[in-house]
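Engineer: Have a look at this one.
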Amino acid sequence: MASERPLRIGITCYPSVGGSGILASALGEELARRGHEAHFISYERPFRLPADAPRLFFHPVVINSYELFKYPDYTLPLSVKMAEVSRDHGLDVLHVHYAVPHATAAILGQSMLPPGQRPRVVTTLHGTDTTLLGRDAGYGPAITYALDRSDAVTTVSAYLEQETRQLLSVRRPIDVIHNFFEPHKPRRSREEVRRELGVGREALLLHSSNLRAVKRIDLLLECCARIRPRESFKLLVLAGASFAPFMGDVRRLGLEDRVIVRENVTEIEDYLQAADIGLFTSDMESFCLSILEAMCFSCPSVAAAVGGIPEVVVSGSSGLLVAPGDADAFTRAVESLICDPARRAELGTSARQRARELFSADVIVTRYEGLYRRVCALGRG
Ligand code: GMT
């Protein structure tokens with residue numbers, strides 16, 4: 001940071017389990033570690049945000065319910081809280097993760113303040129805020145407006161930048177700043193965790209996600225049911241939501257003794273270090289933070305060559321990418337790694353190296369800091 005003064009950054013994200021909230025929490029944690037203040041503004045404390053770190057603050061948004069409204073409104077109380085925290089703590093920047101409704105609330109909150117007190121607004125697009133909501137006529141124009149009014153816009157992959165330009169007709173500059181992951185030290189040893197999971201010499205496959213439809217859990221289980229020999233692996237699902245709706249499929253496919261589920265795990269590193277192969281069957285991902293988390297523990301993934309995933313994994317070098325939805329191709333790729341530990345280790349080593357070189361906090365948080373300095377140099381409007 002040299003002699004530059006520390007910054008005061010407001011961060012808004014979805015606090016529940018999901019890549020955008022996890023990334024935002026990690027960013028706040030890193031900024032605080034570097035001497036800045038990070039003020040989280042959301043309806044709940046973000047899932048992975050440490051409770052007692054210096055310079056990390058949480059400001060809850062209170063939403064009252066009124067009989068009058070059929071649908072509760074979050075955008076207005078959020079914008080008022082953003083203005084309040086900006087004023088009371090002299091925020092330099094409001095950095096919002098996921099455009100809807102956070103970017104709109106930030107623009108509104110900013111304009112509630114007198115010019116000398118207005119923070120700069122940075123909007124980071126994470127995925128479906130462009131690829132799903134951007135196509136919705138009820139949201140698209142509001143997103144485009146908020147992006148135009150933001151002081152800077154970032155996307156988590158070059159793929160998402162292109163999609164944003166096309167779908168939302170955005171012409172303004174967009175900074176591509178990939179996601180990062182900075183693993184904490186595992187609390188238990190790999191052997192201890194594998195013992196807890198009941199995994200011996202089998203290859204441990206890992207899938208972690210919030211289980212939404214786009215993650216294709218049906219395909220994940222289908223592929224596992226096809227793997228031969230079936231005793232050669234176990235699948236660990238780190239679920240950010242209840243796995244109960246998928247237990248019928250697990251039974252139908254005869255996978256009861258192959259699938260291990262852990263829900264809402266906070267010490268993810270313990271499990272990441274225990275895994276041998278990541279398996280990600282999503283039909284679409286703008287980045288796929290879970291793949292990066294596995295890479296940091298030398299665990300190569302088999303995933304679909306879609307969206308921003310090829311920016312994270314170089315197929316044949318730091319993992320294996322196959323055509324989306326192709327159960328046969330997924331199964332063959334996983335089998336090839338199960339029966340070849342040396343190849344697995346080779347891919348794992350280069351996955352870890354790639355993660356360190358391109359997607360570490362050192363590289364990525366430094367880019368965010370540079371961006372904050374750049375927008376701050378624009379003055380306070
Ligand atoms: O856009 C979403 O679906 C939500 C979001 C989330 O909060 O999980 O996921 C997106 O953001 C992540 C963090 O940047 C990316 O790793 C995910 O690939 C991306 N999801 C999709 O594009 C479907």
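Quick note: the coordinates plus some simple rules give every number you see, no bench work behind them. Given the structure is predicted, the values throughout are model-derived calculations rather than measurements. Note: ideal-geometry Cβ built from the backbone for every residue, glycine included; neighbour counts use all protein chains shown.
Engineer: Using the Kirkwood radius over C-alpha pairs as Rh, can you work out the diffusion coefficient of the chain via Stokes-Einstein at 20 °C, viscosity 1.002 mPa s, in µm² per second?
Structural biologist: Numbers: Rh = 21.6 Å.
So the translational diffusion coefficient is about 99 µm²/s.
Engineer: Based solely on its DSSP helices, what 222 nm [θ] is calculated for the chain when runs of n ≥ 4 H residues each add -39,500 (n - 2.57) and the sum is averaged over all residues, nearest 500 deg cm²/dmol?
Structural biologist: Working: 15 runs with 151 residues, N = 381.
Calculated mean residue ellipticity at 222 nm is -11500 deg cm²/dmol.
Engineer: Next question. Taking the stretch 1-119, how much of its Cα-Cα pair set, in percent, is spaced more than 19 angstrom apart?
Structural biologist: Here the tail beyond 19 Å accounts for 45 percent of pairs.
Engineer: Place a point 7 Å from the Cα of ALA345 along the Cα-to-Cβ direction; which residues of the stretch 258-281 have their backbone N under 14 Å from it?
Structural biologist: none
Engineer: Also, I was wondering about something else. If you average the alpha carbon positions of the stretch 228-294 and of the stretch 17-41, how far apart do those two centres end up, in angstrom?
Structural biologist: The distance from the Cα centre of the stretch 228-294 to that of the stretch 17-41 comes to 26 Å.
Engineer: Also, quick follow-up: Helix 19-33 against the longest principal axis of the chain: what's the angle in degrees, Cα atoms only, rounded to the nearest 10?
Structural biologist: The angle comes out near 60 degrees.
Engineer: Classify the stretch 301-381 as rounded, prolate or oblate from the Cα gyration tensor: take a ≥ b ≥ c as the square roots of its eigenvalues, call it rounded if a/c is under 1.5, otherwise prolate when a/b beats b/c and oblate if not. The partial results should precede the final answer.
Structural biologist: Details: a/c = 6.10, a/b = 2.28, b/c = 2.67.
It comes out oblate by the Cα gyration axes.
Engineer: Hey, can you grab everything whose amide H is under 5 Å from the amide H of GLY278? Only 5+ residues off in sequence or another chain; H modelled, so Pro and N-termini drop out.
Structural biologist: Result for GLY278 returns LEU206, SER301, VAL302.
Engineer: What is the Cα centroid distance between the stretch 82-132 and the stretch 175-222, reported in whole angstrom?
Structural biologist: 33 Å
Engineer: Follow-up. Provide the net charge surrounding VAL306, with neighbours chosen by a C-beta distance below 14 Å and charges set as Lys +1, Arg +1, Asp -1, Glu -1.
Structural biologist: -3
Engineer: While we're here: Pick from ARG258, ARG356, ARG195: which is most flexible by mean-square fluctuation in a GNM of the chain where alpha carbon atoms under 10 Å apart are linked?
Structural biologist: So, out of ARG258, ARG356, ARG195, the one fluctuating most is ARG195.
Engineer: Rounded to whole Hz and in sequence order, give me ³J(HN,Hα) for the stretch 331-344 from the Karplus expression 6.51 cos²θ - 1.76 cosθ + 1.60, θ = phi - 60°, writing x for Gly and Pro.
Structural biologist: Coupling constants for the stretch 331-344: 4, 4, 5, 5, 4, 4, 7, 4, 8, 9, x, 5, 5, 4 Hz.
Engineer: While we're here: Kirkwood Rh and Cα-based Rg: tell me the resulting Rg over Rh for the stretch 190-358, rounded to two decimals. Numbers along the way, then the final one.
Structural biologist: Values: Rg = 14.3 Å, Rh = 15.5 Å.
A ratio of 0.92.
Engineer: Among VAL302, ILE277, ALA327, which residue has its Cα furthest toward the positive end of the charge dipole of the stretch 190-358, with +1 on Lys/Arg Cβ and -1 on Asp/Glu Cβ?
Structural biologist: Of the options given, the answer is ALA327.
Engineer: Something else now. Cα to Cα, under 27 Å, and not fewer than 8 places away if on the same chain: which lysines meet these conditions relative to LYS215?
Structural biologist: Cross-link targets: LYS234.
Engineer: Which of the lysines could be linked to LYS81 by a straight reach, that is with a Cα gap under 29 Å, when you skip same-chain ones fewer than 8 residues away?
Structural biologist: Result set, ordered by chain and number: LYS70.
Engineer: Using +1 at the Cβ of each Lys and Arg and -1 at the Cβ of each Asp and Glu in the chain, identify which of PRO186, LEU238, PRO173 lies farthest towards the dipole's positive end.
Structural biologist: Of PRO186, LEU238, PRO173, it is PRO173.
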